[in-house]
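Colleague: I'd like to ask some things about the structure below.
The values are calculated or read from the model by the stated rules, or taken from the named source; none is laboratory data. Small disclaimer: the values here were computed from a predicted structure and weren't measured. FYI the Cβ positions are ideal-geometry reconstructions off the backbone, even for glycines, and counts take in every protein chain you see. For the accessible areas, the whole protein counts, side chains as well, though only heavy atoms, and no ligand, DNA or RNA atoms are used. Shrake-Rupley method; radii C 1.70, N 1.55, O 1.52, S 1.80 Å.
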Amino acid sequence: MGKRNNTLLDHARKAGASALVAYEPENLFYMTGFWGEAVGVLSGDGQAVIIAPALEAERARADAPGCEIISMERNTTPSSALARLVGSDVVCTDAKNPADVRALKKACRQLKQDPSPFVESRMIKDSGEIKILQHTSKVIDEMFELCTQVMRAGQRESELQAKLMAFAAERELFDTGYRYTTNPLIIASGPNSAIPHAQVTQRKFVRGDLVTVDITLRHCGYVSDATRTFGVGHVGDKERRVYATVKEAQDRGMTALTIGASCKSVDAASRDCIFSAGYGARFVHATGHGIGLDVHEQPSISARSTQHLARGMAITVEPGIYIPKTFGVRIEDSVIVRKKSVPMHEFTKDLIVV
Ligand SMILES: [Mn+2]
């Protein structure tokens, strides 16, 4: 935690602040090791303090043994505790809730509503974080393996999701709580696969379907994300051509991914390949995104990104082609950026027909 908090304070200083206050659970966890309903305070001396409602105090004490825990009544404003801890500081915070912002303004010398120190620090993963991501990715690979064993024509999307989530839960991989879909996974069959963020339905797989299986799960706080597209029974020529194009685009994105490369150039490597094949307009999202304590974090691997890749970033490369109301293909790996980046996923990207 010590090293991580020094990094946080370095980035706070760059933002013109001397202390940090975290309200978002991801940032609180990054700062303290405790994921819960509480406020994390990091003052200039590098010492993190957790202000937690009484119901969370015991868990906070167990998960963040290095932190002082200040227990208080739920839904009361911790103004006096904040004033004592960071009263003379310029404070950077991720707080969005107006009541939290008011309390902070009252407590400290100056407040900056600027989450950038958290964003910047979290973007580069340390070896402990990378180990968790690698383990999570390995379990996701096992889930693709499970798909090849259990998927069959006549099975519902929802049935496959249930099987996969049981497998995941037994291995302590859980739903990420991503707010823009209501299902833990994306299992999109036939025409549903033309929708990048399809909801899981009761549709049964039929011979000739492509099925996109996008597995985004959290383990020990960290999210890994990978996608494979399977065929059911038989795959037509057009589907095979589109699959080959996406596979080539994913491969080119992976090859472009090196320390110092612009995120834009990685996006272009994938996008140009799809464009040349005549499907430019059918690739309707960015090539990738950062992963970590959040499903989508910085950097963004998109055409408009101004960021560059650095050692230790964790990102996805996930081009796709979506033919409305017909079918779609997406292939995605999570990767740690190194001089020569290698994906964290080993499950084949060749088309598997079940
Ligand atoms: Mn993704």
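Colleague: Quick one: would you say Lys349 is at pLDDT 95 or above, more than 16 Å from the chain's Cα centre (by Cα), more than 20 Å from Asp214 (Cα to Cα) and not polar (S, T, N, Q)? Before the answer, list the steps.
Modeller: Working: at pLDDT 95 or above: yes; more than 16 Å from the chain's Cα centre (by Cα): yes; more than 20 Å from Asp214 (Cα to Cα): no; not polar (S, T, N, Q): yes.
Spelling it out, it is not the case that Lys349 is at pLDDT 95 or above, more than 16 Å from the chain's Cα centre (by Cα), more than 20 Å from Asp214 (Cα to Cα) and not polar (S, T, N, Q).
Colleague: Checking the conditions here, which among Lys339, Lys247, Lys264 is open to solvent by 40 Å² or more (accessible area, probe 1.4 Å), part of a loop (DSSP other than H, G, I, E, B) and either among the charged types (D, E, K, R) or touching a Pro at 6+ places or on another chain (Cβ under 6 Å) (or both)? Outline the logic, then answer.
Modeller: Details: Lys247 fails: part of a loop (DSSP other than H, G, I, E, B); Lys264 fails: part of a loop (DSSP other than H, G, I, E, B).
Only one candidate qualifies: Lys339.
Colleague: Return the residue satisfying two criteria in turn: it lies in the stretch 64-79 and is open to solvent by 70 Å² or more (accessible area, probe 1.4 Å) and out of contact with any helix residue (DSSP H, G or I) (no Cβ under 8 Å at 6 or more places or on another chain), and of such residues it is farthest from Val119 (Cα to Cα).
Modeller: If we filter the stretch 64-79 for residues that are open to solvent by 70 Å² or more (accessible area, probe 1.4 Å), which is where we start, we get 65, 68, 73-75, 77.
In the following step, the residues that additionally are out of contact with any helix residue (DSSP H, G or I) (no Cβ under 8 Å at 6 or more places or on another chain) were identified as 65, 68, 75.
Working: Pro65: 24, Glu68: 24, Asn75: 27 Å.
Among residues in the stretch 64-79 that are open to solvent by 70 Å² or more (accessible area, probe 1.4 Å) and out of contact with any helix residue (DSSP H, G or I) (no Cβ under 8 Å at 6 or more places or on another chain), the one farthest from Val119 (Cα to Cα) is Asn75.
Colleague: Hey, can you tell me all the residues within the stretch 10-36 that are surrounded by fewer than 22 Cβ atoms within 10 Å (Cβ to Cβ) and over 20 Å from the mean Cα position of the chain (by Cα)?
Modeller: Passing the criteria: Asp10, His11, Arg13, Lys14, Ala15, Gly16, Ser18.
Colleague: Is there any pair linking a residue in the stretch 99-127 that is over 21 Å from Ser334 (Cβ atoms) to one that is assigned to a helix (DSSP H, G or I) and open to solvent by 30 Å² or more (accessible area, probe 1.4 Å), with Cβ under 7 Å and at least six apart or on different chains, and which?
Modeller: Ala107/Ala83; Leu111/Lys105; Ser116/His11; Pro117/His11
Colleague: Another question, then. Quick check on the stretch 80-92: of everything there that is in contact with a Leu (Cβ under 7 Å, 6 or more places away or on another chain) and closer than 11 Å to Ser18 by Cα, which residue is surrounded by the fewest Cβ atoms within 10 Å (Cβ to Cβ)?
Modeller: Just the residues of the stretch 80-92 that are in contact with a Leu (Cβ under 7 Å, 6 or more places away or on another chain), to begin with: 82, 91-92.
In the following step, the residues that additionally are closer than 11 Å to Ser18 by Cα were identified as 91-92.
Details: Val91: 28, Cys92: 30.
Among those residues, the one meeting the criterion is Val91.
Colleague: A follow-up question, please. Take the stretch 274-290 and flag every residue that is open to solvent by 10 Å² or more (accessible area, probe 1.4 Å) and more than 16 Å from the ligand (Cβ to nearest atom).
Modeller: Those that are open to solvent by 10 Å² or more (accessible area, probe 1.4 Å) and more than 16 Å from the ligand (Cβ to nearest atom): Phe275, Ser276, Ala277, Gly278, Tyr279, Gly280, Ala281, Arg282.
Colleague: Looking only at the stretch 174-231, count every residue that is of a type in the set (Ser, Thr, Tyr), over 18 Å from the mean Cα position of the chain (by Cα) and open to solvent by less than 30 Å² (accessible area, probe 1.4 Å) and tell me the total.
Modeller: Taking the stretch 174-231 and keeping what is of a type in the set (Ser, Thr, Tyr), we get 176, 178, 180-182, 189, 193, 201, 212, 216, 222, 224, 227, 229.
Narrowing further to those that are over 18 Å from the mean Cα position of the chain (by Cα): 189, 193, 201, 212, 229.
Filter once more, keeping what is open to solvent by less than 30 Å² (accessible area, probe 1.4 Å): 189, 193, 212, 229.
Of the residues in the stretch 174-231, 4 are of a type in the set (Ser, Thr, Tyr), over 18 Å from the mean Cα position of the chain (by Cα) and open to solvent by less than 30 Å² (accessible area, probe 1.4 Å).
Colleague: Next question, about the same structure. So is Ala95 open to solvent by less than 60 Å² (accessible area, probe 1.4 Å), assigned to a loop (DSSP other than H, G, I, E, B) and under 16 Å from Glu24 (Cα atoms) or not? Full working, then the answer.
Modeller: Values: open to solvent by less than 60 Å² (accessible area, probe 1.4 Å): yes; assigned to a loop (DSSP other than H, G, I, E, B): yes; under 16 Å from Glu24 (Cα atoms): yes.
Yes: the conditions hold for Ala95.
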